[in-house]
1. Go through the range 96-118 and report how many residues are crowded, with 24+ Cβ neighbours inside 10 Å, in contact with a Lys or Arg (Cβ under 9 Å, 6 or more places away or on another chain) and over 14 Å from Ala327 (Cβ atoms).
2. Against the condition modelled with pLDDT of 95 or more, within 20 Å of the chain's Cα centre (by Cα) and either surrounded by fewer than 22 Cβ atoms within 10 Å (Cβ to Cβ) or aromatic (Phe, Trp, Tyr) (or both), how does Asp28 come out, does it pass?
3. Could you tell me which residue of the range 216-249 is surrounded by the fewest Cβ atoms within 10 Å (Cβ to Cβ), considering only residues that are among the aromatic types (Phe, Trp, Tyr) and assigned to a helix (DSSP H, G or I)?
4. Inspect all residues belonging to the range 320-330 and state whether any of them is surrounded by 24 or more Cβ atoms within 10 Å (Cβ to Cβ), out of contact with any Cys (no Cβ under 6 Å at 6 or more places or on another chain) and of a type in the set (S, T, N, Q).
5. Just one of the numbered conditions (1) at pLDDT below 95; (2) over 18 Å from Tyr317 (Cα atoms); (3) of a type outside the set (Lys, Arg); (4) more than 14 Å from the chain's Cα centre (by Cα) is not true of Val95; which one?
6. Sort out which residues of the range 31-57 are within 17 Å of Ala100 (Cβ to Cβ) and either surrounded by fewer than 15 Cβ atoms within 10 Å (Cβ to Cβ) or touching a Cys at 6+ places or on another chain (Cβ under 7 Å) (or both), and write them in order of number.
7. Restricting the range 269-302 to residues that are without any contact (Cβ under 8 Å) to a residue 60 or more places away in the chain and assigned to a loop (DSSP other than H, G, I, E, B), which is nearest to Glu12 (Cα to Cα)?
8. For residues that are touching a strand residue (DSSP E or B) at 6+ places or on another chain (Cβ under 7 Å) and within 23 Å of Asn124 (Cα to Cα), tally how many sit in the range 17-63.
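The values are calculated or read from the model by the stated rules, or taken from the named source; none is laboratory data. Everything numeric here is computed off the predicted structure, so don't read it as measured data. Glycine gets a Cβ as well: all are built from the backbone with ideal geometry, and neighbour counts include every protein chain shown.
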Amino acid sequence: MDEKECIVLGIETSCDETAVAVVKNGRDIVSNVISSQIQLHQRYGGVVPEIASRKHVENINVVIEQALEEACITWDEIDVIGVTYGPGLVGALLVGLSTAKALAYALDKPLVGVHHIEGHIAANYLAHQQLKPPYICLVVSGGHSHIVHVKGYHHFEVLGQTRDDAAGEAFDKVARVIGLGYPGGPLIDKIAKQGQKDAIHFPRVSFQDGSLDFSFSGVKTSVLNYIHRLDQKGETYNQADIAASFQQAVVEVLVKNTIQAAKQTGLEKIALAGGVAANSELREVFSTQAPAEELTVYYPTKVLCTDNAAMIASAAYYRYVAGYTYAMDLNAVPSLSLSES
């Protein structure tokens with residue numbers, strides 16, 4: 001192995017994916033194994049924390065072994081252990097963190113803790129070798145809706161965030177109400193292609209103080225009220241039209257605020273990250289509007305939009321080369337803010 005290479009083993013267990021990856025120099029994926037629990041949680045309409053934690057315990061060692069096997073490397077070739085330590089479900093986080101600490105201690109390897117959102121941002125480095133800070137990143141998932149000024153590989157300023165529901169959370173709730181099931185994002189994206197975007201007008205929230213923050217509880221409630229009114233009249237509703245109209249309302253605000261952030265900072269690059277970044281309507285609207293504003297947009301591949309360990313390994317690499325290592329008393333922080341990481 002070239003002496004300049006740095007091999008990072010990444011571990012991600014913040015929610016319901018047990019993921020382990022091997023990444024070289026923060027940019028090259030050697031292996032990326034994800035064990036999803038979606039089918040396990042579908043019957044409940046969302047993630048059950050206790051079930052997720054127990055499943056992580058069952059899966060973690062198997063997933064680690066598979067990641068090493070697919071990478072065709074030994075433990076001796078691993079240079080750094082990277083792991084998500086927040087935010088997320090505390091029980092789930094502790095499984096990955098405890099495993100990472102045990103490996104780092106037993107193998108005498110450096111331990112690097114990673115903020116989950118920082119990992120999502122780093123997914124773009126794996127998909128776009130040429131991308132470097134500074135740029136604006138829109139991070140949208142089931143738990144997060146952030147507009148982040150990425151000033152450096154581990155230097156961030158949050159310019160806007162949700163004041164209530166995250167975009168992905170709103171997708172899940174609306175999908176459940178109109179009978180699509182869980183997870184809501186991909187299901188709404190799929191059925192929306194059969195509907196009319198302008199069939200129903202749902203509200204778009206903009207704050208009068210010029211804030212770049214989001215609010216998605218209103219559009220979610222508007223969908224609920226629309227369905228309730230039809231139910232009271234004994235009328236049926238069109239799933240596809242509701243999905244398409246709701247999706248357009250959410251996407252319109254996400255794109256508008258993100259482009260505004262780029263203008264305010266004078267940056268010409270925008271990256272997307274998080275599960276909702278896989279949404280086809282979001283990508284299409286950005287692809288249309290960004291060039292009109294002389295902006296370049298970067299998207300991770302869809303597998304890198306979801307929770308995965310390759311993004312954690314990438315973020316850990318950039319922290320490690322900057323001199324960050326973490327002690328064995330590192331604890332899970334379920335409400336960790338990006339500025340605290």
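1. Result for the range 96-118: 2.
2. On the way: modelled with pLDDT of 95 or more: yes; within 20 Å of the chain's Cα centre (by Cα): yes; either surrounded by fewer than 22 Cβ atoms within 10 Å (Cβ to Cβ) or aromatic (Phe, Trp, Tyr) (or both): yes.
The answer is yes for Asp28.
3. In the first step, residues of the range 216-249 are kept if they are among the aromatic types (Phe, Trp, Tyr); the result is 216, 226, 237, 246.
Checking which are assigned to a helix (DSSP H, G or I) leaves us with 226, 246.
On the way: Tyr226: 19, Phe246: 28.
My answer is Tyr226.
4. Initially, the range 320-330 is screened for residues surrounded by 24 or more Cβ atoms within 10 Å (Cβ to Cβ), giving none.
Scanning the range 320-330 turns up no residue that is surrounded by 24 or more Cβ atoms within 10 Å (Cβ to Cβ), out of contact with any Cys (no Cβ under 6 Å at 6 or more places or on another chain) and of a type in the set (S, T, N, Q).
5. (1)
6. Correct list: empty.
7. Step one: of the range 269-302, the residues without any contact (Cβ under 8 Å) to a residue 60 or more places away in the chain are 283-297, 302.
From what is left, the residues that are assigned to a loop (DSSP other than H, G, I, E, B) are 293-295.
Details: Glu293: 36, Glu294: 36, Leu295: 32 Å.
It comes out as Leu295.
8. Summing the residues that are touching a strand residue (DSSP E or B) at 6+ places or on another chain (Cβ under 7 Å) and within 23 Å of Asn124 (Cα to Cα) in the range 17-63 gives 16.
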